[in-house]
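Okay, structure first, notes after.
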Amino acid sequence: MATLKDVAALAGVSTATVSLALNGGPVNEKTRETVKKAARQLNYFPNKIGRMLNSGRSNTIELVILTSAEAPNIVRRTSLFYYLIEGILAVADQNNLSMRFAVKSYEEDDVSAYFSELVGGRTVGGVIILPQFARATGFTQVLERARFPFVMLRPAAFGTDVSFVDMGNYEGARMVAELLAKCGANRLGIINGPATHVDAIERERGFTDTLLEAGAALVAKVHGAYTIESGFEAMKQIAARKNLPEAVFCANDYMAAGAIKYLTGVGIRVPQDIAIVGYDNNDMATAIEPELTTIDNRFYDLGSALASNLLALIKEPGERVETVILPRMVLRRSHAPEKTRRPAKKK
C-alpha cells in the first residue's frame, strides 16, 4: 500500500507539501496537480475522516496552533512551523496516522469549547498544542478531565504537570549572549517577538541573564512581530539612537533579515559596524548577506518528538511524558568580522 512518503518521493516534494496539496492547503496549483497525479499513479487515497482504532478513537491526530489577533502574521507571513509539521508527519506516516491542522485564536469566544468538541466528537485520537502566547485558558483542564491524550510545545506558561516537549529557548538565547560577549561586544540590543509570546519571554530572559553574568549591558530593546517588516522597523528605531549597539540579537531569522535590510540601506555594515545574530536557522539564514549566524532550534526533531510522545500517550492513557530538545549554535558571518571571529564555547 502506498504511503504519503511514496507520493512525496514520486512528486519530488516534501510529505508536508503532499498533505497540504491533498487536503486543500496553501500550495500553488501546479504543485497540487503534480501531487494529485503522483497519488493517482500510486493509487494513494488520503483518509480524510480517519480510520477508527479498536478503542473507538480516530487514528487521526490534530495539530492546533493557538495564535492571537495582536500578532496574526506569525502564522500567515512566516514558515516558522513548516519543519515542525514535517517532523510530525514523518512519525504519523510511519504509524499509518493522518494529521489535521487548525489555527485558533485566543480572542475567539471560547477556545475551551473547541477542545471540548475534539474530546466529544472522537474525530481525533490525540492533539498536539502550540500555545505561543502566555494566556490563561481552561482548555488543558478540559483535556485532562477527559483523560484525552495531548502534548504541548513550550510549557513554561502552563507549568510542568502536563506532557510537553521543551525547545530550550532559554538555553539558545544564552548561547547567543555568550558568543557576542566572547567576541568583545559590551553594549547590546535585542529585537524580540511580542512581549507576551512564550518564545520571546524565554529568549529575552536567557539573553539578559547571561549579559549580566558577562558584565555587558542591554542598551536597546524593541518588540517586533517575528516578521521581516517588523525587524526592519525595529532596527530603524534602534539606529535612530545616538549610540548604535555593538551587537543586536534578533529573536528570529525573519526579524534579523529585516534588520540587516535596514542597515544595508543606510550604509551600516554587518558585521563590521554592528553584529547581528538570529534564531531558528530557517532557509532565509543562508539567503541574506552576510549569511546569518543563528540558533538552530531543531524544529523537525521537535515535531518528531511531539508526535512520538503523543503516540505514547494514546497507547498508555494517563501517563505523563516530557522531552527536552536543546538547540544548536550555527556560526556563519553576521556575528563578527572575519579577523576577530572565534568559535562559540562548546556546551
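The values are calculated or read from the model by the stated rules, or taken from the named source; none is laboratory data. Given the structure is predicted, the values throughout are model-derived calculations rather than measurements. For neighbour counting, all protein chains shown are included, and Cβ atoms are generated from backbone atoms with ideal geometry for every residue, glycine included. SASA here: full protein model, heavy atoms, side chains in, ligands and nucleic acids out. Shrake-Rupley method; radii C 1.70, N 1.55, O 1.52, S 1.80 Å.
If you take the residues of the stretch 21-65 that are small (Gly, Ala, Ser) and open to solvent by less than 70 Å² (accessible area, probe 1.4 Å), which of them is modelled with the highest pLDDT?
ALA38
Mind listing whichever residues of the stretch 91-101 are assigned to a strand (DSSP E or B) and either among the hydrophobic types (A, V, I, L, M, F, W, C) or open to solvent by less than 10 Å² (accessible area, probe 1.4 Å) (or both)?
Within the stretch 91-101, MET99, PHE101 qualify.
Tell me the residue from ARG154, ARG147, ARG122 that is open to solvent by 30 Å² or more (accessible area, probe 1.4 Å), on the phi > 0 side of the Ramachandran plot, modelled with pLDDT under 80 and of a type in the set (D, E, K, R), please.
None of the other options fit; the residue is ARG122.
Only helices (runs of 4 or more DSSP H) wholly contained in the stretch 175-266 count here; list those with 2 or more residues that are in contact (Cβ under 8 Å) with a residue 12 or more places away in the chain, acidic (Asp, Glu) and open to solvent by less than 50 Å² (accessible area, probe 1.4 Å).
198-214
Would you point out the residue of the stretch 66-90, among those that are modelled with pLDDT under 80 and part of a helix (DSSP H, G or I), that is surrounded by the fewest Cβ atoms within 10 Å (Cβ to Cβ)?
Applying the filter and picking the extreme gives ARG76.
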